[in-house]
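Notes for the one structure printed next.
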Amino acid sequence: MLETPLPGVTELPGVTNLLSVTDLTLGVKRSNSSTVIVDSVSFDVATGDRFGIVGESGSGKSMTLRAIANLLPVGVQVMSGSIRYNGQELVGMNRGKRRGLMGPEIAMIFQEPMTALNPVMRVGEQIAEGPRRHLGLSRKAAMDLAVSMMGRTGIPDPARRALAYPHELSGGLRQRIMIAMAISCRPKLILCDEPTTALDVTVQRQVLRLLEELCDDFGASLVFVTHDLAVVNQTCRNLAVMYAGRMVETGRVKDVFRDPRHPYTKGLLDSAPDFDQPHRPLIPIPGFPANLANRPNACAFAPRCPFVRDHCLEESPPLAPVEPGRDAACFYSDEIFKKVTV
Amino acid sequence: MSVDEAVLRVSSITKTYHLGNVLLERLSKNKESHSALTALGGIDLELRKGEILALVGESGSGKSTLAKILVGSVAATSGDVFHEGSPVPARRGKDLTRRIQMVFQDPYSSLNPRMSVGSVLSELLLVHKIVPRREVRAESIRLLNRVGLDADVLDAYPSQFSGGQRQRIAIARALAVRPDVLIADEPVSALDVSVQATILELFKSLRDELGLSSLFVAHNLAVVQHLSQRVAVMYLGRIVEVAETAELFANPRHPYTRALIASIPRMTAESVNDDFVLEGEPPSPFNIPQGCRFHPRCPFAVQACIETDPALMPVAAGHDSACLRAHELPTFSSFPVCQEVL
């Protein structure tokens, strides 16, 4: 999958991958042992692409995103692998240089805008901070840019709102401030960590639309982490499904949703209520999420998998192509989903 | 729809919070409008025996306030609550407290971390004299089995459980005192999809097997559609529409309900509804618009909507809507915004 670009991207001539994550492994090191929390994750994001990473809590999706932004929590470190952005290797890059990328090249939008914004600083100044530092604008010019960015995100009366403190704004407005902050230096890559989870459904729709528009206008790429399958379907073109720190399935959103090729993806889709199929029964995934600290050499999903065989308990399945542009980490994907006997 | 069917009924419930800060009031320019927050502006609703009634609306619409008034943890400013036809006094006796129980949103903060599961349950069983002391253990095990947990969790503490398991414990605690009514405030919104499905199935089985009546507060409409018999839609402290679930989603008769339905992120790409995106955010509950409270955001608003505050009126059998133009709204299947009425 690494060498062949994702389908839909190949149609555009001359497009290279803006972001390439290869065999990224994240872990917590202790004196005598280490726990791997993200295991050999690889994916590519082309310029202008919108890439979704889906998984449940603890699947490693947010950690993968944080590794790209160099915002891993204390104790979690990149153990191996590479993150290439626009041809530059980010892993091991010197701190100052990497810091310089954040803002004009890569920006991040967090889940909870109330905790991500500085409570004692006016929102306009917070937005203006990036342009002043990275674009070298004067205080006045940066403030004007902040106000115009706020207007761009659909905040009514941006000049007045720029003087507000975060607590004076509603959740939807705060999330728009976060977006205005992220786009203020015109980044080429926007990382979103569940940007709409804390929002109401009508505001969520507005924010998702806004993100799509901005990406199209600025030609920015999006990496979108969420647990909400329906949101991914509305926002992204390609996706990766993560389970227990590994990618278990990748492909185009449409194809994966219509025809999942990994039992976990199927389980997720079957357990989520679908507004368009109200009478379809919800089928929960039995059992509990895998314990990352004690990972046997076996398929991590095997204890919960309805199709489990002996071989699943002896070896961990690699992410392998199952169809053009589709990868799945299941030994029996063809057999289970295509009824082909191997 | 006789009154006898209703296990819980509220009539003309209002709830107003006063800032109570003289200095703040003096500083505020708009003295009249900013001094009081209207959380609920006259609610009439009944919960029928053996049904799951969903209460949906955006944050700040007052759904949690209503839930708290029903369970008795917040007192209404005016209006009455009736339990099986008889009025509920402001200070509830032990028996009434027992009959109406609550399950909270966040299972991480709603369980006492210092009490084992067994002691949580036995305390309730003894205080309310549900079973004699020697049967407490057997009854606790029976309750845990009812919610899908084993007897060996009796000695465990909440920190040892996952979110879904904690929510099961919270439900077992609510069931311990054998209530008639369960008030659940967003019980699945903190859980992962695969776990959410199991809790939804549990609520269904409680209704089908124990005949329990539940009020289910939620903001995820796909969940609501899956679980409930009837849905009440709230906007800014009022109920704007009530109907049977299938009827409400197939034939919504209030513009706000339509906007909510149009905003639902869909699982299948073909059904994306992009026709109607609600602009703006709900007005402040400190300053509720004159006339219909939805008119500033309503694409169908006419002059009469600014002048008249519409009451919740029947529009069809078992279907009430608080819209002056409920009968004039275009059919929902072809639902472009009507430009000419703007």
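GNM remark for chain B: springs join alpha carbons under 10 Å apart, and the peak mean-square fluctuation among B:LEU124, B:LEU70, B:LEU144 falls on B:LEU124.
The charge dipole of segment B:185-268, taken about the Cα centre with unit charges on the Cβ atoms of Lys, Arg (+1) and Asp, Glu (-1), comes to about 340 debye, rounded to the nearest 20. Look at the Cα gyration tensor of segment B:204-275: its axes a ≥ b ≥ c give a/c of at least 1.5 with a/b at or below b/c, and that counts as oblate. Using only alpha-carbon positions in segment B:33-146, the gyration tensor eigenvalues give semi-axes of 31, 18, 14 Å once each is multiplied by 5 and square-rooted (largest first). Specify which residue in the list A:GLY52, A:SER42, A:LEU90 is farthest towards the positive end of the charge dipole of segment A:21-131, using unit charges on the beta carbon of Lys, Arg (+1) and Asp, Glu (-1), about the Cα centre. Looking along the dipole axis, the top candidate is A:LEU90.
Taking a ≥ b ≥ c as the square roots of the Cα gyration tensor eigenvalues, segment A:216-292 comes out oblate, since a/c reaches at least 1.5 and a/b does not exceed b/c. Between 0 and 90 degrees, the angle of helix A:201-218 with respect to the longest Cα principal axis of chain A falls at about 80 degrees.
Using a cut-off of 27 Å between Cα atoms, the listed pairs A:LYS61/B:LYS204; A:LYS61/B:LYS68; A:LYS266/B:LYS204; A:LYS61/A:LYS339; A:LYS266/B:LYS49 include A:LYS61/B:LYS204; A:LYS61/B:LYS68; A:LYS61/A:LYS339; A:LYS266/B:LYS49 as exceeding that distance. Per residue of peptide A:233-239, the mean number of Cβ atoms on other chains within 10 Å of the residue Cβ is 2. Per-residue ellipticity at 222 nm, computed for chain B from helices alone with -39500 (n - 2.57) per DSSP H run of at least four residues, works out to -8500 deg cm²/dmol. In segment B:86-147, inverting the average of 1/r over every pair of distinct C-alpha atoms gives 13.5 Å as the Kirkwood radius. By how many degrees, 0 to 90 and rounded to 10, does the Cα axis of helix A:171-183 deviate from the longest principal axis of chain A? Approximately 90 degrees, to the nearest ten. Here the protein assembly as shown is treated with +1 on each Lys and Arg Cβ and -1 on each Asp and Glu Cβ, and its dipole about the Cα centre works out to around 2020 debye.
Each peptide in A:58-66, A:321-329 gets a packing score, the mean of other Cβ atoms within 10 Å over its residues, and the list from highest to lowest is A:58-66, A:321-329.
Taken over segment A:238-342, the percentage of Cα pairs per 5 Å bin, counting from 0 up to the bin with the maximum distance, is 2, 12, 22, 25, 20, 13, 5, 1. Each principal axis of the Cα cloud of segment B:183-239 was taken in turn, and the coordinate range along them, longest first, works out to 33, 27, 17 Å.
Size of segment A:119-265 from its Cα atoms: along the principal axes, largest to smallest, the extents are 54, 30, 27 Å.
Any idea what the relative contact order of segment A:75-234 is, in percent, if you count C-alpha pairs under 8 Å spaced at least 6 apart? Relative contact order for segment A:75-234 comes out at 27 percent. Over segment A:59-179, the Kirkwood radius and the radius of gyration, each from Cα atoms, give a ratio Rg/Rh of 1.01. Enter the angle in degrees (range 0 to 90, nearest 10) between the Cα long axis of helix A:123-134 and the first principal axis of the Cα atoms of chain A, meaning the one along which they spread out most. That helix lies at roughly 80 degrees to the long axis. Here A:LYS97 is the anchor, and the lysines within straight C-alpha reach of less than 19 Å, apart from those fewer than 8 places off in the same chain, are A:LYS188.
What you get for chain B, charging only the Cβ of Lys and Arg (+1) and of Asp and Glu (-1), is a dipole of about 1320 debye around the Cα centre. Selection among A:LEU145, A:MET114, A:PRO273 by position relative to the dipole of chain A gives A:LEU145 as farthest towards the positive end (Cβ unit charges, Cα centre). At the listed q of 0.15 Å⁻¹, the Debye profile of chain A, built from one uniform point per Cα, gives log10 I(q)/I(0) equal to -1.31. Ranked for footprinting exposure by Cβ neighbours inside 10 Å, fewest first, A:ASP23, B:ASP192 give A:ASP23, B:ASP192. Based on Cα contacts under 8 Å between residues 6+ apart, chain A shows a relative contact order of 19 percent. Summed over qualifying helices (DSSP H, 4 residues or more, each -39500 (n - 2.57)) and divided by its residue number, chain A shows a 222 nm mean residue ellipticity of -9000 deg cm²/dmol. Note on the protein assembly as shown: Rg/Rh from Cα positions, Kirkwood definition for Rh, rounded to two decimals, is 0.97. In the protein assembly as shown, a dipole from Cβ-located charges (positive for Lys and Arg, negative for Asp and Glu) runs towards its positive end, and of B:VAL181, B:LEU111, A:VAL308 it is B:LEU111 whose Cα lies farthest in that direction.
Screening chain B for DSSP H helices whose Cα atoms reach 24 Å or more along their own axis and whose mean Kyte hydropathy is at least -0.5 gives B:193-210.
Taking max minus min of the alpha-carbon positions on each principal axis, segment A:287-342 gives extents of 34, 21, 19 Å, largest first.
Read the figures in this text as sums done on the coordinates, not as results from a lab. The model shown is predicted, which means the values in this text are computed figures rather than measured ones. Every residue, glycine as well, gets a Cβ built from its backbone with ideal geometry; the counts of neighbours run over all protein chains shown.
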